[in-house]
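First comes the structure, then the notes that go with it.
The values are calculated or read from the model by the stated rules, or taken from the named source; none is laboratory data. Given the structure is predicted, the values throughout are model-derived calculations rather than measurements. So basically every Cβ, Gly included, is an ideal-geometry build from the backbone, and we count neighbours across all protein chains shown.
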Amino acid sequence: MSLRSFKVLACCGVFAGLAFALGVGGFARQGQRPSSHDVPSEAAGWLQDLRPALEMAKAQQKDILLEFSAPQEDAGSPGALESGVLDRTSFRRDVGRSFILVRMASSSDMPPARITQVTTCAERLGVARFPTFVLMDSDAKPYARSELVASNEIDYQNEFSRLRKLHAQRDESLALANATKGIERAKHLDAALTAVESFAESEYADLRHEVIDLDPDNAAGLRAKYEPAILARQIDATIQNEVYPLADRGDYSAAIARIDRLMNEIKPTRAQLQLMMAFKGQLFYSLGDKGKAAELMDKAITIDPASESAGRARAAKLQMSGG
């Protein structure tokens with residue numbers, strides 16, 4: 001029975017499939033699309049490296065349009081539908097007025113360092129499917145994401161134009177926040193976080209923490225809005241970085257003790273508590289204490305009998321009993 005069947009929050013689970021795809025040539029091969037050297041001078045080309053793109057974005061006062069492309073070998077994939085549109089001179093010329101274009105692609109015959117660069121960037125930005133477009137400012141701060149698949153340029157141009165407005169909304173709210181204090185500042189920071197909603201949790205953690213500090217009594221309802229997700233990330237980080245390593249070494253007692261301390265340090269939600277309780281049950285089972293394991297599984301189930309986690313706990317308890 002795997003201890004990870006009750007993993008609290010999978011950090012990179014969604015991306016695991018992408019990493020596997022890379023091992024068998026999942027991303028489109030670089031040579032299968034026109035490079036920046038093959039395009040007419042009046043149209044922006046797709047760069048392959050984010051670092052020079054950021055320098056160009058700063059110099060030209062533009063944003064970054066970052067594409068994670070689909071395997072071109074699969075003729076039926078969404079990536080095959082959009083690739084021709086995105087490589088058209090007219091599209092690159094029009095969108096290139098506002099963006100530096102970057103295409104993240106990889107293949108099995110590329111150097112390991114390049115594959116690592118692409119996968120690390122995709123993992124950081126939460127890429128879960130192809131194509132995915134990420135819009136960034138010239139400081140590499142993402143502010144919008146799209147998974148649009150279209151067969152014409154206009155739809156893409158409208159989508160990226162719409163999303164680029166979120167950059168201005170974010171900056172306007174941050175400017176207002178810098179001019180105010182207390183709850184008013186918290187409200188403007190909340191507006192900025194709302195503008196970058198898809199990246200608020202992963203890329204703007206400092207602002208989320210500040211909002212909580214500025215609304216300690218939840219007078220504006222902002223503490224309650226942001227605290228659960230922040231606590232979830234803290235729990236996940238502790239489980240990933242501290243509890244799993246102890247369990248992997250067979251030090252189940254220390255792993256249980258760390259979970260107990262975590263429960264005292266952070267007030268988990270009912271859903272989080274249910275997962276942690278079931279995880280403890282598995283650890284006790286690994287220690288050979290089947291009675292305590294069953295007791296903890298029952299407690300986990302009782303927290304929310306109708307939840308998916310309760311169903312997994314019932315299945316685990318049945319397997320523990322040899323059923």
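For region 56-79, name all the residues that are modelled with pLDDT under 95 and either part of a strand (DSSP E or B) or within 25 Å of residue 164 (Cα to Cα) (or both). Outline the logic, then answer.
In the first step, residues of region 56-79 are kept if they are modelled with pLDDT under 95; the result is 68-79.
Listed by number, the residues that qualify are 68, 69, 70, 78, 79.
Matching residues to (1) in a helix (DSSP H, G or I); (2) within 18 Å of the chain's Cα centre (by Cα); (3) at pLDDT 90 or above:
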site	(1), (2), (3)
85	yes, no, yes
94	yes, no, yes
97	no, no, yes
116	yes, yes, no
130	no, yes, no
150	no, no, yes
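Filter region 245-287 for residues that are closer than 18 Å to residue 233 by Cβ and among the aliphatic types (A, V, I, L, M); which is modelled with the lowest pLDDT?
266
With 242, 197, 210 as the choices, which residue is surrounded by 14 or more Cβ atoms within 10 Å (Cβ to Cβ), acidic (Asp, Glu), farther than 27 Å from residue 300 by Cβ and at pLDDT 90 or above? I'd like the intermediate steps shown before the answer.
Numbers: 242 fails: farther than 27 Å from residue 300 by Cβ; 197 fails: surrounded by 14 or more Cβ atoms within 10 Å (Cβ to Cβ).
Checking each option against the conditions leaves just 210.
Suppose the filter is modelled with pLDDT under 95, of a type in the set (Gly, Ala, Ser), within 30 Å of residue 53 (Cβ to Cβ) and surrounded by fewer than 14 Cβ atoms within 10 Å (Cβ to Cβ); does residue 161 pass it?
On the way: modelled with pLDDT under 95: no; of a type in the set (Gly, Ala, Ser): yes; within 30 Å of residue 53 (Cβ to Cβ): yes; surrounded by fewer than 14 Cβ atoms within 10 Å (Cβ to Cβ): yes.
Criteria not met by residue 161.
Only helices (runs of 4 or more DSSP H) wholly contained in region 208-269 count here; list those with 1 or more residues that are polar (S, T, N, Q).
Counting at least 1 such residues, we get 222-238, 252-265.
Please go through region 118-128 and give me each residue that is surrounded by fewer than 17 Cβ atoms within 10 Å (Cβ to Cβ) and not in a helix (DSSP H, G or I), ordered by number.
Passing the criteria: only 128.
Only one of 260, 236 is acidic (Asp, Glu), surrounded by fewer than 18 Cβ atoms within 10 Å (Cβ to Cβ) and touching a Cys at 6+ places or on another chain (Cβ under 8 Å). Can you tell me which? First the steps, then the outcome.
Values: 260 fails: touching a Cys at 6+ places or on another chain (Cβ under 8 Å).
Being acidic (Asp, Glu), surrounded by fewer than 18 Cβ atoms within 10 Å (Cβ to Cβ) and touching a Cys at 6+ places or on another chain (Cβ under 8 Å) holds for just one of 260, 236, which is 236.
Taking residue 295 and the conditions (1) of a type outside the set (Lys, Arg); (2) at pLDDT 95 or above; (3) under 24 Å from residue 231 (Cβ atoms), which numbered condition does it fall short on, given that it satisfies the others?
Checking residue 295 against (1) of a type outside the set (Lys, Arg); (2) at pLDDT 95 or above; (3) under 24 Å from residue 231 (Cβ atoms), the one that fails is (3).
Tell me which residues, restricted to region 265-280, are without any contact (Cβ under 8 Å) to a residue 40 or more places away in the chain and buried (at least 23 other Cβ atoms within 10 Å of the Cβ). Steps first, please.
Filtering region 265-280 for residues without any contact (Cβ under 8 Å) to a residue 40 or more places away in the chain gives 265-268, 270-271, 273-274, 277, 280.
Those that are without any contact (Cβ under 8 Å) to a residue 40 or more places away in the chain and buried (at least 23 other Cβ atoms within 10 Å of the Cβ): 274, 277, 280.
Against the conditions (1) surrounded by fewer than 17 Cβ atoms within 10 Å (Cβ to Cβ); (2) not basic (Lys, Arg); (3) not assigned by TED's automatic domain parsing to the domain that holds residue 66, where does residue 192 fall short? Just the number, please.
Unmet for residue 192, out of (1) surrounded by fewer than 17 Cβ atoms within 10 Å (Cβ to Cβ); (2) not basic (Lys, Arg); (3) not assigned by TED's automatic domain parsing to the domain that holds residue 66: (1).
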